[in-house]
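The block underneath contains the structure these notes are about, expressed in C-alpha coordinates.
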Amino acid sequence: MMPQDVKQSTQQKLENAKTKLMLENPYFGSLVTSIELRVNNNIASINPLGDVLEYNEEYLEVLSVNEVSTILANGAMHQALFHSERGEGKVSSIWRLASDYAINDLLVENGFMLPPMANYASRFERLYAEQLYTTLLCELDLTENDNDPVDEQQTEEFEQNIQRLTPQESLEPSLKGGGGTNFTPVFDHIMQMNEDFKFLIYFTDGKGSFPNYKPNIDVLWVVPKVEGEFPFGEVLELKKQI
(Lines give C-alpha, C1' and ligand atoms only; values in the text may rest on other atoms or scores of the structure.)
Protein backbone atom coordinates (compact mmCIF):
# COMPACT_ATOMS: atom_id res chain seq x y z
CA MET A 1 0.00 0.00 0.00
CA MET A 2 1.33 3.44 -0.97
CA PRO A 3 2.11 5.69 2.04
CA GLN A 4 -0.25 8.66 2.35
CA ASP A 5 2.61 11.17 2.48
CA VAL A 6 3.53 10.32 -1.13
CA LYS A 7 0.68 12.67 -2.11
CA GLN A 8 2.36 15.64 -0.42
CA SER A 9 4.01 18.31 -2.54
CA THR A 10 7.75 18.10 -3.09
CA GLN A 11 8.40 21.06 -0.79
CA GLN A 12 6.21 19.58 1.95
CA LYS A 13 8.12 16.32 1.74
CA LEU A 14 11.46 18.08 1.97
CA GLU A 15 10.43 20.11 5.01
CA ASN A 16 8.85 17.09 6.73
CA ALA A 17 11.91 14.99 5.92
CA LYS A 18 14.21 17.59 7.52
CA THR A 19 12.02 17.67 10.64
CA LYS A 20 11.93 13.89 10.81
CA LEU A 21 15.71 13.71 10.66
CA MET A 22 16.18 16.30 13.40
CA LEU A 23 13.78 14.45 15.70
CA GLU A 24 14.75 10.84 14.97
CA ASN A 25 18.32 11.07 13.66
CA PRO A 26 19.72 14.37 14.98
CA TYR A 27 23.26 13.61 13.78
CA PHE A 28 22.13 13.28 10.17
CA GLY A 29 19.61 16.09 10.64
CA SER A 30 22.30 18.54 11.71
CA LEU A 31 24.41 17.60 8.68
CA VAL A 32 21.49 18.24 6.33
CA THR A 33 21.23 21.86 7.52
CA SER A 34 24.63 22.58 5.93
CA ILE A 35 23.73 21.56 2.35
CA GLU A 36 21.86 23.53 -0.29
CA LEU A 37 18.96 21.81 -2.07
CA ARG A 38 18.70 22.65 -5.77
CA VAL A 39 16.20 21.53 -8.44
CA ASN A 40 17.71 19.97 -11.57
CA ASN A 41 15.13 18.24 -13.74
CA ASN A 42 17.79 17.23 -16.27
CA ILE A 43 18.96 14.39 -14.01
CA ALA A 44 17.13 11.14 -13.31
CA SER A 45 17.12 11.22 -9.50
CA ILE A 46 19.67 13.01 -7.28
CA ASN A 47 23.19 14.31 -7.69
CA PRO A 48 25.32 15.21 -4.63
CA LEU A 49 27.82 17.99 -5.40
CA GLY A 50 29.63 18.71 -2.16
CA ASP A 51 27.68 21.50 -0.44
CA VAL A 52 24.83 21.15 -2.95
CA LEU A 53 22.32 18.33 -3.44
CA GLU A 54 20.54 18.43 -6.79
CA TYR A 55 17.25 16.58 -7.21
CA ASN A 56 14.66 15.87 -9.89
CA GLU A 57 11.21 17.03 -8.78
CA GLU A 58 9.41 14.22 -10.62
CA TYR A 59 11.58 11.66 -8.84
CA LEU A 60 10.68 13.08 -5.42
CA GLU A 61 6.99 13.16 -6.33
CA VAL A 62 6.73 9.36 -6.12
CA LEU A 63 8.71 9.00 -2.87
CA SER A 64 7.55 8.86 0.73
CA VAL A 65 8.85 11.21 3.43
CA ASN A 66 10.96 8.33 4.78
CA GLU A 67 12.63 7.89 1.40
CA VAL A 68 13.19 11.64 1.00
CA SER A 69 14.83 11.62 4.46
CA THR A 70 17.24 8.99 3.16
CA ILE A 71 18.07 11.13 0.13
CA LEU A 72 18.85 14.13 2.33
CA ALA A 73 21.01 12.03 4.64
CA ASN A 74 22.80 10.61 1.60
CA GLY A 75 23.65 14.06 0.25
CA ALA A 76 24.78 15.28 3.66
CA MET A 77 27.08 12.28 4.14
CA HIS A 78 28.75 12.83 0.78
CA GLN A 79 29.68 16.29 2.03
CA ALA A 80 30.63 15.20 5.56
CA LEU A 81 32.94 12.46 4.26
CA PHE A 82 34.65 14.84 1.78
CA HIS A 83 33.85 12.59 -1.15
CA SER A 84 34.44 15.38 -3.69
CA GLU A 85 37.99 15.88 -2.41
CA ARG A 86 38.67 12.15 -1.99
CA GLY A 87 37.53 11.53 -5.56
CA GLU A 88 40.09 13.84 -7.15
CA GLY A 89 42.17 12.00 -9.75
CA LYS A 90 39.70 9.11 -9.93
CA VAL A 91 37.26 8.13 -12.70
CA SER A 92 34.36 10.34 -11.62
CA SER A 93 31.49 8.06 -12.64
CA ILE A 94 33.01 5.04 -10.89
CA TRP A 95 33.91 7.05 -7.79
CA ARG A 96 30.37 8.42 -7.60
CA LEU A 97 28.99 4.88 -7.65
CA ALA A 98 31.51 3.60 -5.12
CA SER A 99 30.95 6.41 -2.62
CA ASP A 100 27.18 6.07 -3.00
CA TYR A 101 27.32 2.33 -2.31
CA ALA A 102 29.36 3.01 0.83
CA ILE A 103 26.98 5.69 2.13
CA ASN A 104 23.81 3.73 1.42
CA ASP A 105 25.23 0.72 3.25
CA LEU A 106 25.80 2.98 6.26
CA LEU A 107 22.27 4.36 6.02
CA VAL A 108 20.73 0.87 5.81
CA GLU A 109 22.65 -0.12 8.94
CA ASN A 110 21.09 2.88 10.66
CA GLY A 111 17.56 1.87 9.70
CA PHE A 112 16.95 4.15 6.74
CA MET A 113 14.59 3.16 3.91
CA LEU A 114 16.28 3.30 0.52
CA PRO A 115 14.31 4.86 -2.35
CA PRO A 116 13.99 3.38 -5.86
CA MET A 117 17.16 3.63 -7.99
CA ALA A 118 19.41 3.82 -4.91
CA ASN A 119 22.87 2.30 -5.31
CA TYR A 120 23.04 -0.56 -2.83
CA ALA A 121 24.32 -4.15 -2.83
CA SER A 122 24.69 -6.43 0.17
CA ARG A 123 28.01 -7.74 -1.18
CA PHE A 124 29.48 -4.27 -0.55
CA GLU A 125 28.61 -4.19 3.15
CA ARG A 126 31.09 -2.42 5.46
CA LEU A 127 33.56 -1.48 2.74
CA TYR A 128 35.17 1.93 2.39
CA ALA A 129 34.52 3.94 -0.77
CA GLU A 130 38.14 3.46 -1.88
CA GLN A 131 37.79 -0.32 -1.57
CA LEU A 132 34.56 -0.23 -3.58
CA TYR A 133 36.18 1.99 -6.20
CA THR A 134 38.98 -0.54 -6.74
CA THR A 135 36.47 -3.39 -6.94
CA LEU A 136 34.27 -1.59 -9.47
CA LEU A 137 37.25 -0.67 -11.64
CA CYS A 138 38.19 -4.34 -11.82
CA GLU A 139 34.62 -5.32 -12.76
CA LEU A 140 33.96 -2.66 -15.42
CA ASP A 141 35.55 -2.60 -18.87
CA LEU A 142 36.60 0.96 -19.72
CA THR A 143 38.57 0.23 -22.94
CA GLU A 144 38.30 2.60 -25.88
CA ASN A 145 39.77 1.58 -29.26
CA ASP A 146 37.27 1.62 -32.13
CA ASN A 147 36.82 4.27 -34.82
CA ASP A 148 34.60 2.46 -37.36
CA PRO A 149 32.38 4.80 -39.42
CA VAL A 150 28.64 4.74 -38.67
CA ASP A 151 25.51 6.30 -40.18
CA GLU A 152 22.26 7.80 -38.78
CA GLN A 153 19.67 5.75 -40.70
CA GLN A 154 18.03 4.16 -37.62
CA THR A 155 17.72 7.26 -35.44
CA GLU A 156 14.07 8.05 -36.20
CA GLU A 157 12.92 4.44 -35.78
CA PHE A 158 14.78 4.18 -32.48
CA GLU A 159 13.33 7.37 -31.00
CA GLN A 160 9.79 6.24 -31.81
CA ASN A 161 10.30 3.14 -29.66
CA ILE A 162 11.59 4.76 -26.47
CA GLN A 163 9.72 3.69 -23.34
CA ARG A 164 9.99 6.06 -20.36
CA LEU A 165 9.25 4.74 -16.87
CA THR A 166 8.81 6.27 -13.45
CA PRO A 167 10.36 4.35 -10.48
CA GLN A 168 7.03 2.60 -9.71
CA GLU A 169 6.19 1.47 -13.25
CA SER A 170 6.95 -2.04 -14.47
CA LEU A 171 8.82 -2.76 -17.68
CA GLU A 172 7.10 -4.82 -20.38
CA PRO A 173 9.93 -5.73 -22.75
CA SER A 174 9.48 -6.24 -26.46
CA LEU A 175 12.55 -7.71 -28.15
CA LYS A 176 13.05 -7.60 -31.92
CA GLY A 177 15.87 -8.85 -34.09
CA GLY A 178 17.16 -8.60 -37.62
CA GLY A 179 20.93 -8.19 -37.62
CA GLY A 180 23.15 -5.39 -38.88
CA THR A 181 22.15 -3.05 -36.06
CA ASN A 182 23.42 0.52 -35.92
CA PHE A 183 24.11 0.99 -32.20
CA THR A 184 24.94 4.68 -32.48
CA PRO A 185 21.41 6.24 -32.30
CA VAL A 186 20.87 4.76 -28.82
CA PHE A 187 24.01 6.36 -27.42
CA ASP A 188 23.50 9.62 -29.33
CA HIS A 189 20.01 9.95 -27.87
CA ILE A 190 21.23 9.31 -24.33
CA MET A 191 23.97 11.92 -24.69
CA GLN A 192 21.50 14.48 -26.08
CA MET A 193 19.01 13.90 -23.25
CA ASN A 194 21.62 15.12 -20.73
CA GLU A 195 20.19 12.99 -17.92
CA ASP A 196 21.91 11.18 -15.10
CA PHE A 197 22.01 7.70 -16.66
CA LYS A 198 24.15 5.29 -14.69
CA PHE A 199 23.99 2.09 -16.73
CA LEU A 200 22.81 0.74 -20.09
CA ILE A 201 22.07 -2.94 -20.76
CA TYR A 202 22.03 -3.67 -24.51
CA PHE A 203 20.58 -7.01 -25.70
CA THR A 204 22.05 -7.80 -29.11
CA ASP A 205 23.77 -10.39 -31.27
CA GLY A 206 26.73 -8.02 -31.42
CA LYS A 207 26.58 -7.70 -35.19
CA GLY A 208 26.43 -4.07 -36.17
CA SER A 209 28.21 -0.71 -36.21
CA PHE A 210 29.40 0.96 -33.00
CA PRO A 211 29.75 4.67 -32.15
CA ASN A 212 33.13 6.20 -32.98
CA TYR A 213 33.28 7.60 -29.43
CA LYS A 214 33.10 6.10 -25.95
CA PRO A 215 29.88 7.10 -24.12
CA ASN A 216 30.19 8.47 -20.59
CA ILE A 217 28.02 5.70 -19.10
CA ASP A 218 28.64 2.10 -18.11
CA VAL A 219 27.45 -0.42 -20.72
CA LEU A 220 26.70 -4.13 -20.50
CA TRP A 221 26.33 -5.96 -23.82
CA VAL A 222 24.22 -9.12 -23.43
CA VAL A 223 24.80 -11.52 -26.33
CA PRO A 224 23.90 -15.16 -27.12
CA LYS A 225 27.48 -15.80 -28.18
CA VAL A 226 30.62 -13.65 -28.05
CA GLU A 227 31.86 -13.08 -31.59
CA GLY A 228 34.34 -10.31 -32.29
CA GLU A 229 35.33 -7.40 -30.09
CA PHE A 230 33.30 -4.65 -28.43
CA PRO A 231 34.97 -1.22 -28.32
CA PHE A 232 33.72 -0.41 -24.82
CA GLY A 233 31.70 -1.81 -21.95
CA GLU A 234 31.41 -5.29 -20.47
CA VAL A 235 30.16 -8.31 -22.43
CA LEU A 236 27.92 -10.98 -20.89
CA GLU A 237 27.36 -14.21 -22.82
CA LEU A 238 24.01 -15.87 -22.20
CA LYS A 239 24.54 -19.55 -21.55
CA LYS A 240 21.85 -22.19 -21.69
CA GLN A 241 20.95 -23.44 -18.22
CA ILE A 242 20.72 -27.24 -17.93
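The values are calculated or read from the model by the stated rules, or taken from the named source; none is laboratory data. Worth saying up front: this structure is predicted, and the values here are computed from it rather than measured. Note that we place each Cβ from the backbone using ideal geometry, even for glycine, and neighbour counts take in every protein chain shown.
In table form, for the structure just shown:
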{"item": "Residue list for the range 169-208, filter: surrounded by 10 or more Cβ atoms within 10 Å (Cβ to Cβ) and modelled with pLDDT under 65", "result": "E169, M193, E195, D196, F197"}
{"item": "Listing of strands (runs of 3 or more DSSP E) fully contained in the range 24-136 that carry 3 or more residues being surrounded by fewer than 19 Cβ atoms within 10 Å (Cβ to Cβ)", "result": "36-39"}
